[in-house]
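The values are calculated or read from the model by the stated rules, or taken from the named source; none is laboratory data. Everything numeric here is computed off the predicted structure, so don't read it as measured data. In this analysis, Cβ positions are derived from the backbone assuming ideal geometry, glycine residues included, and neighbour counts consider all displayed protein chains. The accessibility values were calculated without ligands, DNA or RNA, using every heavy atom of the protein model including side chains. Shrake-Rupley method; radii C 1.70, N 1.55, O 1.52, S 1.80 Å.
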Amino acid sequence: GGNHDKALDVISGMMTTGLNFSQTKEEAQAAYAFSLASEMEGAETSKLIKALKDNLPDTNLQLALEHVLQSGYDGTFETQDMVRELPAAQQAGMTGIGGLDYLLSLLQSAANKSGSPAEAATNVQNLLSKTLSPDTIGRLKKMANPNDPKKGVDWVGSVLKGKENGENAVQVLSRLADAMLSRDKQYQEYQARAAAGDKTAAEQANMMKAALLATLLPDLQAKQGLLAATDMAQIQGYMAKLGGVTLENGKIGKINEARMMSAAAQQEQQESLATLKESLTGTLVDMETEFKKLAAEYPNATLALQALTTAATAASAAMLLTA
């Protein structure tokens with residue numbers, strides 16, 4: 001379904017962002033189907049595909065896109081805003097579908113605590129960049145280890161040990177903050193009173209938590225990102241929903257099939273195929289004519305032939321996508 005302009009936007013966007021022809025050919029159908037189902041622009045879809053291919057290289061792209069789409073349904077965070085978070089997420093130990101699910105869930109948690117999805121993305125981006133930064137490592141080394149107050153926090157060692165247990169760096173930092181709060185008697189008193197309905201105590205507990213998070217990550221936006229990460233119940237809720245998404249029960253194919261049941265969508269497809277076929281035929285004839293001119297003027301016209309061939313190949317691929 002869809003139209004030839006959308007198909008060409010996806011293909012040209014994928015190659016413009018740096019994917020080679022082989023990668024584009026392999027993933028174009030999945031990318032185009034996602035673009036239609038999510039109603040995301042071709043250029044934005046292409047950036048997402050490139051980010052997923054670069055940072056989750058061993059992950060089934062189609063399955064990853066199903067999870068991205070589902071996350072958009074589960075929360076308020078805009079999926080196109082997640083592209084810039086993926087490189088930093090990989091460095092923080094978020095790998096595979098499980099790492100993607102955690103990132104998506106963290107972004108949704110952040111969106112629920114921010115003024116806008118863009119603000120949530122910035123908060124998470126800062127959290128990811130600060131979690132393993134040298135200043136964070138040095139700061140935690142000077143702080144009392146909740147498990148052994150006489151020692152500082154061996155942050156790098158904690159992250160490496162957490163990785164052995166399947167945790168990423170943000171999860172380890174969230175757990176550290178939780179451990180510190182659990183050992184603070186005053187905080188626990190406020191929490192107990194808040195649970196009994198004391199609104200003032202609830203506010204006092206929130207203030208104490210915010211103060212602790214600020215000592216871990218002084219950067220305001222990073223602290224807001226960590227606040228979202230420490231809402232473990234909410235993140236686990238989002239992750240549970242994503243964990244049940246498979247290629248068999250994913251929404252992309254179902255959404256596109258439902259859309260193609262309308263007469264308007266079928267007409268759009270047929271008109272696009274007819275236009276593209278007519279355009280491609282004319283293009284090939286024009287190419288032959290132009291190449292003869294180029295070859296006559298420039299005997300070594302290899303680059304010109306390559307450019308014209310690429311244009312024809314992209315148009316042909318677009319026909320296959322919309323068909």
Scanning the stretch 148-161 for residues that are free of Cβ contacts under 8 Å to residues at least 12 places away in the same chain and in a helix (DSSP H, G or I), the one most open to solvent (accessible area, probe 1.4 Å) turns out to be Lys161
Which fully enclosed helices (runs of 4 or more DSSP H) of the stretch 33-103 have 2 or more residues being open to solvent by less than 40 Å² (accessible area, probe 1.4 Å), in contact (Cβ under 8 Å) with a residue 12 or more places away in the chain and farther than 20 Å from Val159 by Cα?
-> 42-55, 61-74
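Determine whether Met260 is open to solvent by less than 60 Å² (accessible area, probe 1.4 Å) and at pLDDT below 75. Quick ask: steps written out before the conclusion?
Values: open to solvent by less than 60 Å² (accessible area, probe 1.4 Å): yes; at pLDDT below 75: no.
Against the criterion (open to solvent by less than 60 Å² (accessible area, probe 1.4 Å) and at pLDDT below 75), Met260 does not qualify.
Restricting to the stretch 125-147, what's the tally of residues that are in contact (Cβ under 8 Å) with a residue 12 or more places away in the chain and either in a strand (DSSP E or B) or closer than 21 Å to Glu85 by Cβ (or both)?
9
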Please work out which one of (1) modelled with pLDDT of 75 or more; (2) more than 30 Å from Leu173 (Cβ to Cβ); (3) surrounded by 11 or more Cβ atoms within 10 Å (Cβ to Cβ); (4) aliphatic (A, V, I, L, M) is the condition Met319 fails and give its number.
-> (1)
Among Ala214, Ala210, Ala222, which is the only one that is buried (at least 18 other Cβ atoms within 10 Å of the Cβ), part of a helix (DSSP H, G or I) and touching a helix residue (DSSP H, G or I) at 6+ places or on another chain (Cβ under 9 Å)?
-> Ala222
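Would you say Thr24 is out of contact with any Phe, Trp or Tyr (no Cβ under 6 Å at 6 or more places or on another chain) and open to solvent by 60 Å² or more (accessible area, probe 1.4 Å)? Write out each step before concluding.
Working: out of contact with any Phe, Trp or Tyr (no Cβ under 6 Å at 6 or more places or on another chain): yes; open to solvent by 60 Å² or more (accessible area, probe 1.4 Å): no.
No: the conditions fail for Thr24.
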